[in-house]
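Chemist: My questions all concern the structure below.
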Amino acid sequence: MRVLVTGGLGYIGSHTCVQMIEAGMTPIIVDNLYNSKTTVLARIEKLTGVLPLFYQGDICDRDFLDNVFHLNDIDAVIHFAGLKAVNESVDAPLEYYKNNVHGTLVLVEAMQAASVNTMVFSSSATVYGEPATTPVTEEFPTKAINPYGRSKLMVEECLVDIQKAHPEMSITLLRYFNPVGAHPSGEMGEDPQGIPNNLMPFISQVAVGRREYLSVFGNDYPTVDGTGVRDYIHVLDLADGHLAALNHKGKEAGLHIYNLGTGNGFSVLQMVEAFSKSSGVEVAYQIAPRRPGDIAECWADPGKAKRELHWEATRTIDDMTTDTWRWQSNNPNGYPDA
Ligand code: NAD
Ligand code: UD1
């Protein structure tokens, strides 16, 4: 299967490309390098023995996309490309709506012109807003609480309408919980630019000495130890979820929605402890005020993906922290420049 992977040089996209190649699929990568480097390609080749085809360009550029579809016989699209930082989206909503919403619409137009009917889209648990209870099923009401979340929800709603009007299409919305971890080789991982917003890259940068301490955002939540609880999922389990979606739903016309999570919640302090244990480095932290917009706890009910995609997360918190540490300690400054 030949699959166009937008954003394929990014964190989740690159791991998915490795898993695809190992499963005998052919990824064809499109990325504008806004948040990634071409050196990722060499890592994919090192891990798999295959250098994937790569086209540098923007998904908002219809001529560019038409050319990529024209040059390649593409069976399906996995659409990762987009912007993903919540606080940045508050300051630059226009960029978020342009890249995430407009970019997706241009991509769908190009797919239709090339008669490609299958898309797997990177959505997020952020579309559940502040869920009233946990675990969260796909039937929970959706709500956006910031421009990033609104852009994901808008794309979901656009894709629902587009699929209704084009019933021959197979569109799968994958709602990720909290992706963490790295390839166990230590060759590939998350490489955030600037100060990390998310917990795991922040912890690992403290451990490797790039940051002094972690600020724990609130210890007065009604949770096991007062700190926020999330459903952390290993990026390779997440990557495998995309393969499962293509294999089980890619040829079935319709609109499909799945949570990709483990079904387990871990607190901030439990993650700090797990990371310290895996790395052998004490992670310094200080309790700080709550971060606006944060919820106390959130984890997935992953049952639908298990039943229908025959997929479930198998990697443990220890795998997540050990693999992150191997990547971070081997590559303290992330990927080298090209
Ligand atoms: P990432 O930033 O590492 O990867 C995204 C890639 O897309 C980057 O390589 C970037 O250069 C590229 N890109 C961005 N805009 C583009 C454009 N207009 N044209 C072409 N390429 C473009 O992010 P990630 O963590 O791998 O996330 C992938 C997707 O998953 C995103 O859509 C994100 O919103 C979604 N998601 C991520 C998380 C998470 O915690 N990482 C959680 C839920 C959903
Ligand atoms: C955040 C985004 C969400 C996005 C997801 C994946 C917000 C409000 N939500 O989710 O929309 O889909 O990332 O990119 O930004 N924490 C600390 N100190 C830190 C960082 C985080 O204590 O320096 C805590 C948070 O308060 C939270 C937990 O760690 O309890 C996880 O935070 P994070 O990794 O940012 O993920 P989410 O907030 O779940």
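Chemist: Do we have any residue at all in segment 196-216 that's within 30 Å of Glu312 (Cβ to Cβ), within 16 Å of ligand 1 (Cβ to nearest atom) and touching a Phe, Trp or Tyr at 6+ places or on another chain (Cβ under 6 Å)?
Modeler: yes
Chemist: On to the next question. When the residues of segment 43-89 are narrowed to those that are within 16 Å of ligand 2 (Cβ to nearest atom) and among the hydrophobic types (A, V, I, L, M, F, W, C), which ends up most open to solvent (accessible area, probe 1.4 Å)?
Modeler: Checking each candidate, the answer is Val86.
Chemist: Can you tell me which residue among Val224, Val216, Val229 is within 9 Å of ligand 2 (Cβ to nearest atom), under 23 Å from Ala132 (Cα atoms) and of a type in the set (A, V, I, L, M)? Outline the logic, then answer.
Modeler: Working: Val224 fails: within 9 Å of ligand 2 (Cβ to nearest atom); Val216 fails: under 23 Å from Ala132 (Cα atoms).
Selected residue: Val229, the only one of Val224, Val216, Val229 that is within 9 Å of ligand 2 (Cβ to nearest atom), under 23 Å from Ala132 (Cα atoms) and of a type in the set (A, V, I, L, M).
Chemist: If we keep just the residues of segment 1-29 that are more than 15 Å from Ala42 (Cβ to Cβ) and hydroxyl-bearing (Ser, Thr, Tyr), which is farthest from ligand 1 (Cβ to nearest atom)?
Modeler: Thr26
Chemist: Then there is this: Looking at Ser279 and the list (1) within 24 Å of Ala144 (Cα to Cα); (2) over 20 Å from the mean Cα position of the chain (by Cα); (3) surrounded by 20 or more Cβ atoms within 10 Å (Cβ to Cβ); (4) not aromatic (Phe, Trp, Tyr), which single condition is not satisfied?
Modeler: Only one criterion is unmet by Ser279, namely (1).
Chemist: When the residues of segment 179-195 are filtered to those that are touching a Lys or Arg at 6+ places or on another chain (Cβ under 9 Å) and open to solvent by 50 Å² or more (accessible area, probe 1.4 Å), which remaining residue is farthest from ligand 1 (Cβ to nearest atom)? Even if it seems obvious, please write down each step before you answer.
Modeler: Within segment 179-195, the first condition is being touching a Lys or Arg at 6+ places or on another chain (Cβ under 9 Å), and the residues that meet it are 181-189, 191, 195.
Then keep just the ones that are open to solvent by 50 Å² or more (accessible area, probe 1.4 Å); that gives 184, 195.
On the way: Pro184: 18, Ile195: 15 Å.
Per the criteria, the residue is Pro184.
Chemist: So, in segment 6-37, exactly how many residues are open to solvent by 40 Å² or more (accessible area, probe 1.4 Å) and either assigned to a helix (DSSP H, G or I) or of a type in the set (Val, Ile, Thr) (or both)?
Modeler: Qualifying residue count for the region: 2.
Chemist: If you take the residues of segment 138-155 that are surrounded by 22 or more Cβ atoms within 10 Å (Cβ to Cβ) and closer than 16 Å to Asn259 by Cα, which of them is farthest from ligand 1 (Cβ to nearest atom)?
Modeler: Gly149
Chemist: Looking only at segment 107-116, decide whether some residue is open to solvent by 20 Å² or more (accessible area, probe 1.4 Å), more than 15 Å from ligand 1 (Cβ to nearest atom), part of a loop (DSSP other than H, G, I, E, B) and of a type in the set (Ser, Thr, Tyr).
Modeler: Restricting attention to segment 107-116, the residues satisfying the condition of being open to solvent by 20 Å² or more (accessible area, probe 1.4 Å) are 109, 112-115.
Keeping just the survivors that are more than 15 Å from ligand 1 (Cβ to nearest atom) gives 112-115.
Cutting the leftovers down to part of a loop (DSSP other than H, G, I, E, B) gives us 114-115.
Those still in the list that are of a type in the set (Ser, Thr, Tyr) too: 115.
Yes: one or more hits.
Chemist: I'm checking my understanding of the structure. Among residues of segment 156-178 that are under 17 Å from Tyr97 (Cβ atoms) and within 15 Å of ligand 1 (Cβ to nearest atom), which one is most open to solvent (accessible area, probe 1.4 Å)?
Modeler: Top of the filtered list is Cys158.
Condition check ((1) in contact (Cβ under 8 Å) with a residue 60 or more places away in the chain; (2) buried (at least 20 other Cβ atoms within 10 Å of the Cβ)) across all residues:
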{"residue": "Asp237", "(1), (2)": "yes, yes"}
{"residue": "Phe275", "(1), (2)": "yes, yes"}
{"residue": "Ala300", "(1), (2)": "yes, yes"}
{"residue": "Lys304", "(1), (2)": "yes, no"}
{"residue": "Arg307", "(1), (2)": "no, no"}
{"residue": "Ala313", "(1), (2)": "yes, yes"}
{"residue": "Asn330", "(1), (2)": "yes, no"}
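Chemist: So, one more: What's the number of the condition Ile74 fails, among (1) more than 22 Å from Ala113 (Cα to Cα); (2) part of a loop (DSSP other than H, G, I, E, B)?
Modeler: (1)
Chemist: Select the helices (runs of 4 or more DSSP H) contained entirely in segment 226-338, then report the ones holding at least 3 residues which are closer than 30 Å to Met1 by Cα.
Modeler: Answer list for segment 226-338: 235-249, 303-309, 317-330.
Chemist: Further question on the same structure: Do we find a residue being open to solvent by less than 20 Å² (accessible area, probe 1.4 Å), more than 16 Å from ligand 1 (Cβ to nearest atom) and touching a strand residue (DSSP E or B) at 6+ places or on another chain (Cβ under 9 Å) anywhere in segment 90-104?
Modeler: No, that holds for no residue.
Chemist: Given the conditions (1) in contact with a Pro (Cβ under 6 Å, 6 or more places away or on another chain); (2) open to solvent by 10 Å² or more (accessible area, probe 1.4 Å), and given that Ala207 satisfies all but one, which numbered condition is not satisfied?
Modeler: Condition (1) is where Ala207 drops out.
Chemist: Out of Val40, Val3, report the one residue that is more than 16 Å from ligand 2 (Cβ to nearest atom), at pLDDT 95 or above, open to solvent by less than 10 Å² (accessible area, probe 1.4 Å) and assigned to a strand (DSSP E or B). Talk me through it step by step, then tell me what you get.
Modeler: Numbers: Val40 fails: assigned to a strand (DSSP E or B).
None of the other options fit; the residue is Val3.
Chemist: Quick check on Glu130: is it open to solvent by 20 Å² or more (accessible area, probe 1.4 Å), modelled with pLDDT under 95, part of a loop (DSSP other than H, G, I, E, B) and of a type in the set (D, E, K, R)?
Modeler: Values: open to solvent by 20 Å² or more (accessible area, probe 1.4 Å): yes; modelled with pLDDT under 95: yes; part of a loop (DSSP other than H, G, I, E, B): yes; of a type in the set (D, E, K, R): yes.
Yes, satisfied.
The values are calculated or read from the model by the stated rules, or taken from the named source; none is laboratory data. Since this is a predicted model, take the numbers as computed values, not measurements. Ideal geometry is used to build each Cβ from the backbone, glycine not excepted, and the neighbour counts take in all protein chains shown. When the accessible area is computed, the model is the full protein with side chains, heavy atoms only, and any ligands, DNA or RNA have been set aside. Shrake-Rupley method; radii C 1.70, N 1.55, O 1.52, S 1.80 Å.
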